[in-house]
2 protein chains.
Amino acid sequence: MEITRHTFYEELDNIIKAINESSFLAIDGEFTGLDTGESGHPAPFDTPMERYSKIKNGASEFLLVQFGLCAFKADAEKQRYEAKPYSFYVFPKPHDRHSPDRRFLCQSSSIDFLISQGFDFNKLFKEGIPYLTPDQESKARAELERKHEEANKGGNSEGSNSSKKILVPVPEDQKTFLNNLCDKIKEYLEGEDPEPLVIPPCNAFQRKLIYQTVEERFPLVHLETKTGQKKERYMLVNRTKDEEERQKKQMNKQALEKMELDIQVGFSKVIRAIADSGKLVVGHNMFLDVIHAINQFQCPLPDDLEDFKTVVKSVFPRLLDTKLMASTQPFQEYIKYSALDELRLALQSSPFHPAKVVTADGFTRYDDGAGAFHEAGYDAFVTGCCFATMANYLGKLQATPENFTLPSSQLIQPFINKLFLMRIADIPYLNLDGPDLEVSRDHVFHITFPKEWRISDLQSLFQPYGNIQISWLTDTTCYVALYKKENAKIAMKALSQDMGTYHIVSYAFHHRNKNLRWTAASAGTPVSSPITPLGKRKFVQSDGDVPPLKVKRHSLPNESFQPIPEEDESLDHSTGKIDINDTTESNHNISHCSDGHSKEVDPVTEEKEKLFEESDAW
Amino acid sequence: MEITRHTFYEELDNIIKAINESSFLAIDGEFTGLDTGESGHPAPFDTPMERYSKIKNGASEFLLVQFGLCAFKADAEKQRYEAKPYSFYVFPKPHDRHSPDRRFLCQSSSIDFLISQGFDFNKLFKEGIPYLTPDQESKARAELERKHEEANKGGNSEGSNSSKKILVPVPEDQKTFLNNLCDKIKEYLEGEDPEPLVIPPCNAFQRKLIYQTVEERFPLVHLETKTGQKKERYMLVNRTKDEEERQKKQMNKQALEKMELDIQVGFSKVIRAIADSGKLVVGHNMFLDVIHAINQFQCPLPDDLEDFKTVVKSVFPRLLDTKLMASTQPFQEYIKYSALDELRLALQSSPFHPAKVVTADGFTRYDDGAGAFHEAGYDAFVTGCCFATMANYLGKLQATPENFTLPSSQLIQPFINKLFLMRIADIPYLNLDGPDLEVSRDHVFHITFPKEWRISDLQSLFQPYGNIQISWLTDTTCYVALYKKENAKIAMKALSQDMGTYHIVSYAFHHRNKNLRWTAASAGTPVSSPITPLGKRKFVQSDGDVPPLKVKRHSLPNESFQPIPEEDESLDHSTGKIDINDTTESNHNISHCSDGHSKEVDPVTEEKEKLFEESDAW
């Protein structure tokens, strides 16, 4: 069911009911962009904290514009779920001229992707549901109360502050205009018309003059400025019999303003209902969805990862990421590609049995199975179905097999509160329930080398120590990981003795000294290009996520680190990735800089491409 | 006439013809936002360089999304113009996965404004015309040529580079898939089907395997990867009889790629045609339009103002700003409000006679007079009509009156190449033809004061020296200008002797020492609020643009410095301004910070409001 600002309040009670009655919830988000191109691209050897920082940056700049929520209610008897999928358009349309006027970033490729999937931006901007974080709401409420108190002390609330009234001298050329208007108001007051008198749009200065003139000459008239559909501002003259009635009108108006503020809280009410329900919330590759939801509807993202985990738990106390689940045994061996659509397909055949899911009355939109991938409600629906199927599969593996495994089952406990981390080979998830995995990266080295170096140079360098995985950082630096971890010590020893044009340090050393930069000169031989700080130039990264044979390839600085829509390369329906077929094309790229200028970066030529074998265990 | 990517190349020749045959051109732009909220708001005592820097910042971040162009062709005999108005949707949709992937900023209030005016964002994102600057174009062209050369050396252009071919070992689970595919290709090659064989979408790794397998087993087959409407990537198998035919196909493909690049140059061709034509280009309050057009279609905006002027002259050698014209004698006395719609209305009555303008065949969209303000083509059309009317009026004032004054007339020469500067009281325009006006600001002071100060405190302070104009900078600093300039010296002398809680310096001194900040402590008495640097906190500005009685009012940090759509306050149809009627409401505002977080700023209370009289000469 599609929900806009026009249907939101009509449906809100039903939505909250659906949340509270559900056995579990599935969510999904659509965004105006993924990667600012400025904060460093997610890379295979990120620590969880580094990854969080990188993603946080984009989440603070881009907008979540559609939120998918699907409530799944178990029918234990029929061994099936009833699903209620919702797609909410959300947009921070400024309520009035005192509302926050949010600036947000868009990424052309993401916009292009969404529009190609049929996303309706006109509907978003016209009918998107507003939202306020709890903090924004309470501040706005306090402000409104302060304003009302002041108005109730000071007479007509809309004119200037009566205690410090400064009258604008009426310019000659406005006198006729004002006199004519006063005549009209007089006539209106003497008449019986129950409707307010409309003063057609005029400019701000004239409206100011009208306020002060009317307040002076017609103390019992109640004036209001309204904004029309085309943003034109017109005024309404309301007749009041006496001071008491005038005050009553003012009270009504203030009550209305309070209701309007309540409306502004908007979609945040749904997030709060989810939080209050304590239900299991399922998502597919949901780190971005969670981080955006927190930032938009709860609070600004904290700098510290542990603080972030605390906030997440306060909003989504129980999370499950289906991409992590699918990438873990016993599923991993049957699911080659874990992008949502491929996961759905894989779960339709042996050894799996698709969970039985029916859509509730009034939610038939996705019933024909045609699907509407990347409509947030549909993606949430599919995610929930995949989860149900995988949960049932776990149940069937039991000593006493069960056909219908509920989300409350202990079997899914190992997957709770772990967010999948894309392309971090050795730390598959962010652990919301405690400290993250600590892994040895003793077989990983940081190399600084001349700009001219290609993959083949790195390969030759490491040739005695077996296959390598390269993770490009800039065009003169990368991480190199040894496939044969046991060779780490001898490699380091040999290579650090004979440094010619390159410089090698251990991953650990580099990580400790991130802010110190090795210049090319310090690597022995001067090279043509200066070493630039991380995050400022070209980021080239290899990729460790295509089972069973991992294909290392680079992506370019102005590209998404994830193909749109935030899925892995096996889906590859994105503009944000280099197709490995295109390796003979070198790439002309212009990256976006913070000053908004485009900056040319050197093409990454195909020689930097590297394919190598890698065990599944890596 | 509305032009999208679908009709652009069909119409391009006509458009260029219309440009070249015109007597003058009018332009207008629509943007995704106006004010980043970060770079400091335009203020009354900006120098031209300061103003340029502030506007440049926004222009580099926001996008021009609709360009209006109206070609006016004089018919001297009939003493009228024939108009051809065009609205171009322009959007940097990435052409392929190697194209620049532009990030751009949107301002919620601007988006909301455009959508309320009927702007079609779906059309923009789906059918917007692409564009490349000359520099982007030549780089892309060089890159394409390099790629073609390489491909022509190395055989099949799409596989991996043949000289350095690294074959991916085929994993077990892909062998059946590949064998089946090869069988199909074999069957296809033996058949007669003239259409290429379609390989349904598969993932990037599989496509890589297909490339290498097909290249090895079917050397005469030509493979292509295509991107479908939903971004899915599928492949085409083309039969070729022999190597010669294969090469011919490759040549065709390369020719097509060159044409595609040409298509990417897109809307920039129109800008280049305007530049080449050397025609007079008219705009209304056109600084933003010009700066955006340069940035998007010509080159990144230079830091230096004089360099910017040089660039402008290279693209628009002859400009005229109708807002400047309307604000100058002999027009100023008849035109109270110079926003475009109000200007249009003013020019319809005495002493003016609307210029005769007919729309050309096929351009009847605006004929019913209903108008479509803020559709760029219509605004350009109205701007051109206003210009024609004002030019004719100048002709009629001549000793020998003329009814029809052409843009080539010497009468309009005084208005050429001067861009209107909003709200700079004493420097009305940016002079593209030479140095800017140098004005004395000896009667202007910079004051630092406690946060608690209100307008009344400043008024009392300056009370002995007559009326003042206040231009708020932060909540503890402002410029104060004396209406009675002759009192400047005695005021400075007296006030700088008796500094209590405030600190006063001359405008000139402050301007020279902008980077040095006075702390409140240095002003004598410690106050509660620290002094924050310009541009980082609240900007409150008074406003010097409402004739005949100037109304000073403040605007808030998260507001536009100009009401959308970039017009002056007399139009006031914007969400970006505080209505002076709303002065009893204090304002809850959350401003946008560079880290994307919202930041609360103190409400500006109405006591800071100040109304004062001001002569027209100011």
Practice task
Largest first and in whole Å, give the semi-axes of region A:322-361's equivalent ellipsoid, each being the square root of 5 times a Cα gyration tensor eigenvalue.
Solution key: 20, 11, 9
Problem - Descending Cα extents along the principal axes, region A:10-118, whole Å - result: 52, 46, 29
Exercise for the section: Round to a whole angstrom and tell me the spacing of the C-alpha centers of region A:1-68 and region B:445-460. Expected result: 45 Å
Exercise for the section: Consider just the alpha-carbon atoms of region A:62-150 and return their Rg together with their Dmax, both in angstrom. Expected result: 18.6, 61
Practice task
Give B:K73/B:K309; A:K56/A:K258; B:K84/B:K336; A:K418/A:K485; A:K323/A:K396 a once-over and call out the pairs whose C-alpha atoms are over 22 Å from each other.
Solution key: B:K73/B:K309; A:K56/A:K258; B:K84/B:K336; A:K418/A:K485
Completion exercise
The alpha-carbon pair-distance distribution computed for region A:98-159, with 5 angstrom bins and whole-percent values, is 4, 12, 13, 16, 13, 12, 10, 7, 6, 5, 2, 0
Practice task
Select from region A:1-96 those trypsin sites (Lys or Arg not before Pro) which occupy a DSSP coil region and have at most 15 other Cβ atoms within 10 Å, ordered by residue number.
Solution key: A:K78
Exercise for the section: Compute the distribution of all C-alpha to C-alpha distances in region A:1-71, in bins of 10 Å from 0, and list the percent of pairs in each, rounded to whole numbers. Expected result: 17, 33, 25, 21, 4
Fill in the blank from the handout: Per the rotation taking chain B to chain A, min distance Cβ-to-axis on chain B (residue, whole Å) equals B:F121, 2
Handout entry: Residues with amide H under 5 Å from that of B:L63, placed H, sequence gap 5 or more
Key = B:T32, B:G33, B:L105
Problem - Relative contact order [Cα under 8 Å, 6+ residues apart], region A:316-423, whole percent - result: 37 percent
Practice task
Using only the alpha carbons of region A:206-249, determine the length spanned along each of the three principal axes and report them from longest to shortest in whole angstroms.
Solution key: 34, 21, 11
Problem - Overall Cα dimensions of region B:52-96, principal axis frame, Å, largest first - result: 47, 34, 11
Problem - Cβ-based exposure ranking for A:R441, A:R217, A:R344, in which fewest neighbours within 10 Å come first - result: A:R217, A:R344, A:R441
Problem - Rg and Dmax of region B:205-347, Cα atoms only, in Å - result: 26.7, 83
Handout entry: Theoretical gain in end-to-end length, A:K493 to A:K17 [0.36 nm per residue, Cα-Cα removed]
Key = 164.9 nm
Exercise for the section: Kindly give the semi-axes, whole Å and largest first, of the ellipsoid equivalent to region A:289-333, taking each as the square root of 5 times a Cα gyration tensor eigenvalue. Expected result: 26, 10, 9
Practice task
Quick one: with label points 7 Å out along Cα→Cβ, list the inter-copy distances for A:K493 in nm, shortest first?
Solution key: 8.7
Completion exercise
Log entry: pair-distance distribution for region A:257-304, C-alpha pairs binned every 10 Å from zero, whole % per bin is 21, 47, 25, 6, 0
Exercise for the section: Could you estimate the translational diffusion coefficient of region B:275-396 from the Stokes-Einstein equation, with Rh from the Kirkwood formula over C-alpha pairs, at 20 °C and 1.002 mPa s, in whole µm²/s? Expected result: 136 µm²/s
Exercise for the section: Could you please tell me the mean projected area of the C-alpha convex hull for region A:378-429, averaged over all directions and given in square nanometres to one decimal? Expected result: 4.6 nm²
Exercise for the section: Quick one: with label points 7 Å out along Cα→Cβ, list the inter-copy distances for B:K253 in nm, shortest first? Expected result: 7.0
Problem - Whole-Hz ³J(HN,Hα) from phi, Karplus 6.51 cos²θ - 1.76 cosθ + 1.60, for region A:296-312, glycine and proline x - result: 7, 10, 10, 6, x, 5, x, 6, 8, 5, 5, 4, 4, 4, 4, 4, 4
Handout entry: Calculated from backbone phi, Karplus (6.51, -1.76, 1.60) coupling profile of region A:389-400 in Hz, x at Gly/Pro
Key = 5, 5, 4, 4, 4, 4, x, 6, 7, 5, 3, 9
Handout entry: For A:109-121, mean number of other protein chain Cβ atoms within 10 Å
Key = 6
Fill in the blank from the handout: Distances in nm between the label point of B:D183 (7 Å along Cα→Cβ) and its equivalents in the other copies, shortest first, are 9.4
Completion exercise
Checking region A:33-131 for GluC sites (Glu not before Pro) in a loop per DSSP with at most 13 other beta-carbon atoms within 10 Å yields A:E77
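Only the coordinates and a few stated rules stand behind these numbers; no lab work does. Because the structure is predicted, anything quoted here is derived from the model rather than measured. Virtual Cβ from ideal backbone geometry, glycine too; neighbours counted across all protein chains shown.
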